[in-house]
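Remarks on the structure that follows.
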Amino acid sequence: MPSMNNILSTAEQLGPLEVIKKLSWRVSRWVNTIVYRNFIHWKSKIELVQYDHEWICNPKTLFLVKKESLDLEIANGKLFTDKQLQKIIRDADQVLTGPIRIHGLGSVEFRTDSMNWYGYGSKYARAVNRHDFVPVIAKAYAISDEAKYADKLKGLFDYWIDNFSLGRLLKHDKPIDTAIRLLNWIWAINFVGKSLNVDVAKLIRIIYVQAEYILARLSHSGNHLLLEILAIYVYSVLFSDLKFGKKWMDFSRPIFFEEINRQVTKEGIHSEQSTFYHHVVCTHFLKGYLVARNNGHQIPLEFSEKLKSMLDYVHQSMKPDLTFPMLGDGDQMLSDDREHWETKVILAARTFLFGEPVCESFKSTINDSPCWFFGLAAYELSATEDLPSSSVFRETGLAILRDAENYILFNAAPFGSALYPHHGHADALHVELCFAGKTVLMDPGGYAYVNDAMRFYVRSTRAHNTIVVDGIDQSEIFGVFGYGKLADTKMTKSVISEKIDVVEGVHYGYWPIIHKRQLIFKKGNAPYVVIIDYVVGKGRHKIEKYLHLSPDYRMNNSKNKIVSIDGVGNIDIWRYSPVILELETRKGVGGKNPDGWVCLEAGKPIKSEVVVMSAECELPAKLITVLSPEDTHTQCEYWREDKKLRITTIDEDEYLITNHQNGWSAS
């Protein structure tokens, strides 16, 4: 539980008006829950007096292709590769026989014959009862028409119908869990339909009761609210011929389309400042867009434009090694669980819906998801050999600097959304770096949502490629998602050119000490990056500069090189400062203060080296770091008195980086 100081700090960050709004929401949800608990049985009897079987025998087109269209494409030998078909069947058979794998938690025996909705320990109950396995079985039936898959779903739905408990729903489910479950059921309704052969009257009742539960306990804001509203919108279309369906639509549709303005910046980046949640939220908006598009609903122009910008950002931010930066909570999205699998449709959606060709080298990351959402295989997408170029999202505070093989992400964005910053990290002015197509400097990811030392570590400033002053985090963090006073961060300058990109940012998390960072990226055959840190203030302080290496690299202190494990792609590093910096490397440090870890997959930290350059010195202080691939034979000289840095590269380009009153410039 958070302390009173934590609670007061969070309230101070939110401000009086937002605190009042959140308290009002809590009271309203408490009242709604009481009304729901006491009247839902009576209400369902009134509203479910009249319906037909059409919604399950011939369901409306929602966000998935119709089974008839899928059958036609499969008969014509299109859509799926043999490898994809085999995997779909293999995954479904695994669900039928057990155990099933739960992302971030491992495997669990799945009692499909006699399972109780909440018959698992607390570690697994929520995850199992989101029913992420339903789409897996439904997909297998859709491509094979084998009765065993329809029979298994029928058995599951019969069991859930007969064992549904309002009391357990209220006790165990959060609205987001219910919303995920209902959206997963759409796969069965869409691809199995009448072959489920269930008691339709009972099924529609438990759908209705769950949807009304979501409405009674809607989340306050953020991605949870969006997903819950999406579920209501989807089912409002499915039951649009019924009175309660029309009521759900009138309520959910305006909120759904407006949420993109509340949650997404004008530049198309999700405000929670998490790469993973940007992708996930993008798929939520995409599903709602498809529902509206497939059913002739008017889509606001601003919504379409922002959705396209979100898709563009995903395309723009993919690294040369075909992974994504791990800003905020999340991981590299390499697994095949439902959320990660669905996000692979984003690049295809950008092409299918908005006609933007996908970079040819990125196509290999697209799975079979476009087949299910668009009836389109990845190989059918229009492509281009052109790679994305450097882009600056000035208002958001992010910059992606790149050329053919090199990539830098510069983060001068705030901790997260002012109303929902729970998935942000204390990572102001953090940098990620790729040279020659390989990730060199990276973010350690989000680990897992458990209240332990590793969770605190990955959210902390020292877990990022930035500066720590006096061992303190830039922003106050506590617990799994807790936050207090957050660092005021902004981008102050950006210049993009053919040969050199320059970006600058500042944060005030250590006020009255100010941390400014300037980054200079030289592109081409002999690339390098110069990171210049100014720590402005008074008095004597401890300064630590962190560089978190990819698991593929380690530091060789004696040779001033970051060495590749496979011997290919070594990096030269130069360090300049007004005092001698103590150089230390850490890897796999455990205990109460872990360090030197990376979480490429949720819940699975692996050891990875971190370089720490530190000194106690009088402020103001300036720290300069230069990194360049070893095979470019770059030479670097620093003239302290003249405040000039000369860099000479193998292609005989010479750049003189000079310190002016307003920062450094390259000529």
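Data table
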item: Looking only at the stretch 444-460, and only at residues there that are in contact with a His (Cβ under 9 Å, 6 or more places away or on another chain) and without any contact (Cβ under 8 Å) to a residue 40 or more places away in the chain, the one that is nearest to residue 603 (Cα to Cα); result: 459
item: Selection from the stretch 169-197 of residues that are surrounded by 21 or more Cβ atoms within 10 Å (Cβ to Cβ) and not in a helix (DSSP H, G or I); result: 173, 192
item: Selected residue (only one of 226, 218 is open to solvent by 10 Å² or more (accessible area, probe 1.4 Å) and either at pLDDT 95 or above or not in a helix (DSSP H, G or I) (or both)); result: 218
item: The stretch 460-485 - residue that is part of a strand (DSSP E or B), of a type in the set (A, V, I, L, M, F, W, C) and at pLDDT below 95 and, of those, surrounded by the most Cβ atoms within 10 Å (Cβ to Cβ); result: 477
item: Matching entry among 105, 48 (being more than 30 Å from residue 253 (Cα to Cα), aliphatic (A, V, I, L, M) and modelled with pLDDT under 85); result: 105
item: Filter pass, residue 457 being farther than 26 Å from residue 620 by Cβ, hydroxyl-bearing (Ser, Thr, Tyr) and modelled with pLDDT of 95 or more; result: yes
item: Residue match in the stretch 570-591 (condition: open to solvent by less than 30 Å² (accessible area, probe 1.4 Å), assigned to a loop (DSSP other than H, G, I, E, B) and free of Cβ contacts under 8 Å to residues at least 40 places away in the same chain); result: yes
item: Evaluation of residue 666 against (1) modelled with pLDDT of 90 or more; (2) open to solvent by 10 Å² or more (accessible area, probe 1.4 Å) (one fails), failing number; result: (1)
item: Tally, over the stretch 592-617, of residues that are closer than 28 Å to residue 535 by Cα and either in a strand (DSSP E or B) or touching a strand residue (DSSP E or B) at 6+ places or on another chain (Cβ under 6 Å) (or both); result: 14
item: Output for the stretch 388-402, where each listed residue is part of a loop (DSSP other than H, G, I, E, B) and either closer than 20 Å to residue 347 by Cα or open to solvent by less than 30 Å² (accessible area, probe 1.4 Å) (or both); result: 388, 389, 390, 396, 397
item: Evaluation of residue 607 against (1) at pLDDT below 95; (2) at negative phi (one fails), failing number; result: (1)
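Residues are listed down the side, and each one gets a yes or a no for (1) under 31 Å from the mean Cα position of the chain (by Cα); (2) more than 30 Å from residue 474 (Cβ to Cβ); (3) modelled with pLDDT under 80; (4) open to solvent by 40 Å² or more (accessible area, probe 1.4 Å):
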{"residue": "11", "(1), (2), (3), (4)": "yes, no, yes, no"}
{"residue": "17", "(1), (2), (3), (4)": "yes, no, no, yes"}
{"residue": "30", "(1), (2), (3), (4)": "yes, yes, no, yes"}
{"residue": "56", "(1), (2), (3), (4)": "no, yes, no, no"}
{"residue": "67", "(1), (2), (3), (4)": "yes, yes, no, no"}
{"residue": "83", "(1), (2), (3), (4)": "yes, yes, no, yes"}
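Every residue, every condition in (1) among the hydrophobic types (A, V, I, L, M, F, W, C); (2) assigned to a helix (DSSP H, G or I); (3) touching a residue at least 24 places away in the same chain (Cβ under 8 Å), yes or no:
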position: 235; (1), (2), (3): no, yes, yes
position: 250; (1), (2), (3): no, yes, no
position: 255; (1), (2), (3): yes, yes, yes
position: 262; (1), (2), (3): no, yes, yes
position: 266; (1), (2), (3): no, no, yes
position: 276; (1), (2), (3): yes, yes, yes
position: 280; (1), (2), (3): yes, yes, yes
position: 283; (1), (2), (3): no, yes, yes
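The values are calculated or read from the model by the stated rules, or taken from the named source; none is laboratory data. Being a predicted model, the structure only gives us computed values, none of them experimental. All Cβ positions, glycine included, derive from the backbone under ideal geometry; neighbour counts span all protein chains shown. Surface areas here come from the heavy atoms of the whole protein model, side chains and all, with no ligands, DNA or RNA. Shrake-Rupley method; radii C 1.70, N 1.55, O 1.52, S 1.80 Å.
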